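This report refers to the structure that appears directly beneath it.
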Amino acid sequence: MLTAFTNFNLWLNSFAPPKGALFTVLNPTNPVATQSVPITVSLVFWLLAMFVFCYLGSILPIWRYAQPVNYIGFWITALTIVVGGLGAFLAFFVKPSVSTFTIPAFVGWGGPTKVLSASGAIQPLWPMLFVTIACGAISGWHALIGSVSTARQIESEEDMLPVGGGAMFSEFTLGLLSLLAVSVAVTAGGTTSTAVAITRFANGIAGFLNVFGISKVYGAAIARAAFVVIVITVTQLLFRIMRVTLAEWLGGRAPIFKNQHVATVISMAATAFLVVSGTWVYIWQLFGASNQLMAALSLLVVTVWLVATKRNSLYAGIPMVFMYVTTMAATVVTGYNLFVTIFLKQVGKAGHEIAVAGSVVTIAIAALLFVAAILIAIDGIRAWQRFRRQPLEVAPQPVTA
């Protein structure tokens, strides 16, 4: 199967010599030897294939397309998590070679000194640890999906607690398993290459599954399948969110954006530009901080609602303050790192204009997120004070026998 897939890609790339590359883009986050990333015919083909898949997920009713796809994907991912996690636990007793960490668990509060001193970046344990695995114990993406998608699939409001809590527990478990897999597979030197990191993840999971006698070749294939399933299920929902957001943002001024087909195609066109130009590399740096900042905003809304309805708000308010401060600090660190590692080193170099422009745009987005977070926090504090003085009138709950 893998051979057939590889041969198909080679056949596609034969239409664009040399070596199938239409052009190359610069990725300064890669090691020096691999910073020129080719945009191949096969990449464009699979990008368009992904768009067709996601187009259906964006325009069709959730119950007709997204829900069945996610249901099938759930079993692949869940079985990988359960069996892989059990294998990771048993490996300590029956196969220690699989459970031996190949990277140090702690290298200092400021990160790996040797790597950071060469790049000029900073990577303090706080706040960056809390935005590295972006959907661990808390996630803004899940909060957004919970209101846009999950709520439409829930039969009873009482089901939201086990579904919402179960989703975050599953996400946390997946994050922990991924960390374990990479920790036992990556060499001490580590790598910044995404492709190599995925391979290490697959090899780590394969080692855990091998505890049960599953061949490492098949184990790695199962891990890659689970990874792909996670990506495609999230991506189809992402375009659905982009379509809805675009309609709400611009639909009032230009009704054409309310058309689901137009909004979806525009979202995909913007995504295609980010991919083929390479600028996604820079915007992606903000994903962790922006996602967790959205989670903090969700907690802010919950906190204000609890105060307004005269309920105890501490269990939402305390983590909200921590997440708010942490993600805002992470946004500043990310912006600084982009400035010193990309902008200062690439500005003025011929052929590196996209790298410079991408870093500038991302730094501007980081600054915008920081300012927006401050303004929203001010509004939140004012709302908290207002509802403390004058709570909402809560309708009496029906008495049950």
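The values are calculated or read from the model by the stated rules, or taken from the named source; none is laboratory data. Computed from a predicted structure; not experimentally measured. We place every Cβ from the backbone using ideal geometry, glycine too, and count neighbours over all the protein chains shown.
Among the residues of the range 137-169, those that are among the hydroxyl-bearing types (Ser, Thr, Tyr), closer than 20 Å to Ala296 by Cα and out of contact with any Lys or Arg (no Cβ under 9 Å at 6 or more places or on another chain) comprise Ser139, Ser147, Thr150. Contact annotation: no residue pair with Cβ atoms under 6 Å, 6 or more positions apart or on different chains, pairs a residue in the range 351-369 that is over 12 Å from Asn27 (Cα atoms) with a partner that is modelled with pLDDT under 90 and of a type in the set (Lys, Arg).
Conditions tested, residue by residue: (1) over 20 Å from the mean Cα position of the chain (by Cα); (2) among the basic types (Lys, Arg); (3) closer than 27 Å to Gln292 by Cα.
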residue	(1), (2), (3)
Phe169	no, no, yes
Val182	no, no, yes
Arg200	no, yes, yes
Asn203	yes, no, no
Ile214	yes, no, no
Val229	no, no, yes
Arg243	no, yes, yes
Ala247	yes, no, yes
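Residues in the range 245-261 that are aliphatic (A, V, I, L, M) and crowded, with 16+ Cβ neighbours inside 10 Å: 2 in all.
Listed here are the residues, each with its yes/no results for (1) crowded, with 18+ Cβ neighbours inside 10 Å; (2) farther than 30 Å from Met268 by Cα.
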residue: Ser36; (1), (2): no, no
residue: Val52; (1), (2): no, no
residue: Leu60; (1), (2): no, no
residue: Trp63; (1), (2): no, no
residue: Ala78; (1), (2): no, no
residue: Ser99; (1), (2): yes, yes
residue: Pro104; (1), (2): no, yes
residue: Ile122; (1), (2): no, yes
residue: Trp126; (1), (2): no, yes
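Restricting attention to the range 225-261, the residues being at pLDDT below 90, assigned to a helix (DSSP H, G or I) and either more than 26 Å from Cys54 (Cβ to Cβ) or of a type in the set (Lys, Arg) (or both) number 1. Pairing each residue of the range 316-333 that is over 14 Å from Trp384 (Cα atoms) and free of Cβ contacts under 8 Å to residues at least 40 places away in the same chain with any residue that is assigned to a helix (DSSP H, G or I) and among the aromatic types (Phe, Trp, Tyr), provided the two are 6+ apart or on different chains, yields C-beta distances under 8 Å for Val332/Phe370. Among the residues of the range 185-217, just one is over 26 Å from Ile145 (Cβ atoms), of a type in the set (Val, Ile, Thr), modelled with pLDDT of 85 or more and in a helix (DSSP H, G or I), namely Val217. Of all residues in the range 343-360, those satisfying the criterion of being touching a helix residue (DSSP H, G or I) at 6+ places or on another chain (Cβ under 7 Å) and in a helix (DSSP H, G or I) are Phe343, Gln346, Ile354, Ala355, Val356, Gly358, Ser359, Val360. Figure legend. Inter-residue proximity from the range 1-13: first residues exposed (fewer than 11 other Cβ atoms within 10 Å of the Cβ), second residues modelled with pLDDT of 85 or more, beta-carbon distance below 8 Å, spacing 6+ or different chains. Indicated pairs: Leu2/Ala221.
Please tell me if Ala270 is touching a Lys or Arg at 6+ places or on another chain (Cβ under 8 Å), among the small types (Gly, Ala, Ser) and free of Cβ contacts under 8 Å to residues at least 60 places away in the same chain. So Ala270 does not fit the description; no. Suppose the filter is out of contact with any Cys (no Cβ under 9 Å at 6 or more places or on another chain), more than 25 Å from Arg311 (Cα to Cα) and either at pLDDT 90 or above or aromatic (Phe, Trp, Tyr) (or both); does Ile354 pass it? It is false that Ile354 is out of contact with any Cys (no Cβ under 9 Å at 6 or more places or on another chain), more than 25 Å from Arg311 (Cα to Cα) and either at pLDDT 90 or above or aromatic (Phe, Trp, Tyr) (or both). Annotation note: of Glu393, Glu353, the sole residue that is acidic (Asp, Glu), farther than 30 Å from Ala118 by Cβ and surrounded by fewer than 18 Cβ atoms within 10 Å (Cβ to Cβ) is Glu393. The lone criterion from (1) over 16 Å from the mean Cα position of the chain (by Cα); (2) surrounded by 15 or more Cβ atoms within 10 Å (Cβ to Cβ) left unmet by Phe239 is number (1). Any residue at all in the range 109-119 that is β-branched (Val, Ile, Thr) and crowded, with 17+ Cβ neighbours inside 10 Å? No, the conditions are met nowhere in the range 109-119.
Per-residue answers, yes or no, for (1) among the aromatic types (Phe, Trp, Tyr); (2) closer than 19 Å to Val182 by Cα; (3) under 24 Å from the mean Cα position of the chain (by Cα); (4) modelled with pLDDT of 80 or more:
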{"site": "Thr102", "(1), (2), (3), (4)": "no, yes, no, yes"}
{"site": "Gly110", "(1), (2), (3), (4)": "no, no, yes, yes"}
{"site": "Leu116", "(1), (2), (3), (4)": "no, no, yes, no"}
{"site": "Ser119", "(1), (2), (3), (4)": "no, no, no, no"}
{"site": "Pro127", "(1), (2), (3), (4)": "no, no, yes, yes"}
{"site": "Ile133", "(1), (2), (3), (4)": "no, yes, yes, no"}
{"site": "His142", "(1), (2), (3), (4)": "no, no, yes, no"}
{"site": "Ile145", "(1), (2), (3), (4)": "no, no, yes, no"}
{"site": "Val148", "(1), (2), (3), (4)": "no, no, yes, no"}
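The condition of being touching a residue at least 24 places away in the same chain (Cβ under 8 Å), farther than 30 Å from Arg388 by Cβ and among the polar types (S, T, N, Q) holds for only one of Ser277, Ser290, that being Ser277.
When each of Phe23, Phe53, Phe45 is tested for being modelled with pLDDT under 85 and over 20 Å from Ala221 (Cα atoms), the lone residue that passes is Phe23.
If we keep just the residues of the range 51-69 that are in contact with a Leu (Cβ under 8 Å, 6 or more places away or on another chain) and part of a helix (DSSP H, G or I), which is farthest from Thr150 (Cα to Cα)? Here the answer is Cys54. Would you please name the residue that is surrounded by the fewest Cβ atoms within 10 Å (Cβ to Cβ), looking only at residues in the range 308-339 that are more than 24 Å from the chain's Cα centre (by Cα) and assigned to a helix (DSSP H, G or I)? Taking the candidates together, the pick is Leu314.
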